[in-house]
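The values are calculated or read from the model by the stated rules, or taken from the named source; none is laboratory data. Computed from a predicted structure; not experimentally measured. Methodologically, a virtual Cβ is constructed for each residue, glycine included, from the backbone with ideal geometry; neighbour enumeration extends over all protein chains shown.
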Amino acid sequence: MTGINYREFITTTTPHKALVSGGKRDQGRNNYGRITVRHQGGGHKRLYRDVDFMYNKFDIPAKIASVEYDPDRSGFIGLAVYADGEKRYVLLPLGVKVGDTFLVSVKAPILPANRLPLHAIPVDTFVYNVSLKPGGKALLARSAGNAAKVKAQEGDYTFINLPSSEVRKVINTAWATVGTVSNEENHLVSIGKAGRSRWLGIRPTVRGSAQNPPDHPYGGGEGRQGRGLRRSKTRWGKPSGKGQKTRAPKKYSNVFIISRRKVGKKA
């Protein structure tokens, strides 16, 4: 079992009260209360931090007042205090610490944590918190240690190389933040025991081959059996993993995909 020594990075354990709320988590249920995502539930109680992904305060410098842990995401967050006195939580990039400043502006310098429209960001720059439309919420590259790369500028679009290896074109008036998401060692953590998964709200996953025939395509058989099928399937008989394409053939965003992500076993 391994972990991260958060004391090296975190500067306070008390969140800013005005930006914190309680409430019940969905834990894989929809608005009818039915499970739509399996293997979620339980876990330690959490306080929700209201993190700003809109970044709609332009040309007003902000200073990082603290670096904090957020139980709902893998990267670190920081309390940004704007020059006009407003405070917001933001997702922090690598290398940014207490006392550093950032700016959301068309004319901002290309420095970590600064946010600019995509057309103002040079090719080969790493970015995170990428939005898909002007004035839209930051949606892409938000996990710990992740970053997208500006691959090319062509007409009204910027080509982005995403962490999944997909190359996608995004309208160049959308915005992105310069840098790589903090807490890059997160992927090295080994959970180590079942109980620690339960603390995180992750419930057990039963192998398909250990189930009965009515419950899974791999189920049944005397003793241990292989799946008996050439291609892998989900519980509902749909293709899954191992190089099989699962994306909807007529998905609305297909026109923006320049190069599909690489799936299956990693080399």
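One table, with the values for the structure above:
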| read-out | value |
| --- | --- |
| Those residues of the stretch 75-86 which are surrounded by fewer than 19 Cβ atoms within 10 Å (Cβ to Cβ) and part of a strand (DSSP E or B), in sequence order | Val81, Tyr82 |
| Close pairs from the stretch 246-267: first more than 13 Å from Ser165 (Cα to Cα), partner surrounded by 10 or more Cβ atoms within 10 Å (Cβ to Cβ) and modelled with pLDDT of 85 or more, Cβ under 7 Å, at least 6 apart | Thr246/Pro239; Thr246/Ser240; Phe256/Arg168; Phe256/Lys169 |
| Hits in the stretch 5-43 - residues which are polar (S, T, N, Q), in contact with a Phe, Trp or Tyr (Cβ under 9 Å, 6 or more places away or on another chain) and either assigned to a loop (DSSP other than H, G, I, E, B) or surrounded by 14 or more Cβ atoms within 10 Å (Cβ to Cβ) (or both) | Thr13 |
| Subset of the stretch 109-120 [part of a loop (DSSP other than H, G, I, E, B) and touching a residue at least 24 places away in the same chain (Cβ under 8 Å)] | Ile110, Leu111, Pro112, Ala113, Asn114 |
| Selected residue (only one of Asp59, Asp72 is in a loop (DSSP other than H, G, I, E, B), free of Cβ contacts under 8 Å to residues at least 40 places away in the same chain and charged (D, E, K, R)) | Asp72 |
| Candidates Ser240, Ser253, Ser232 - the one that is at pLDDT below 95, touching a strand residue (DSSP E or B) at 6+ places or on another chain (Cβ under 9 Å) and surrounded by fewer than 12 Cβ atoms within 10 Å (Cβ to Cβ) | Ser253 |
| Single residue of the stretch 127-180 satisfying the filter (in a loop (DSSP other than H, G, I, E, B) and hydroxyl-bearing (Ser, Thr, Tyr)) that is nearest to the chain's Cα centre (by Cα) | Ser143 |
| Test: residue in the stretch 112-123 that is within 27 Å of Asn5 (Cβ to Cβ) and at pLDDT 95 or above | yes |
| Filter result (closer than 23 Å to Asn161 by Cβ and under 18 Å from the mean Cα position of the chain (by Cα)) within the stretch 89-111 | Leu91, Leu92, Pro93, Leu94 |
| Boolean, Thr2 is surrounded by 11 or more Cβ atoms within 10 Å (Cβ to Cβ), of a type in the set (Val, Ile, Thr), closer than 23 Å to His187 by Cα and more than 20 Å from the chain's Cα centre (by Cα) | no |
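Okay, residues lined up against (1) buried (at least 16 other Cβ atoms within 10 Å of the Cβ); (2) in a loop (DSSP other than H, G, I, E, B); (3) of a type in the set (Ser, Thr, Tyr):
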position: Lys45; (1), (2), (3): no, yes, no
position: Tyr55; (1), (2), (3): yes, yes, yes
position: Val67; (1), (2), (3): yes, no, no
position: Val90; (1), (2), (3): yes, no, no
position: Gly95; (1), (2), (3): no, yes, no
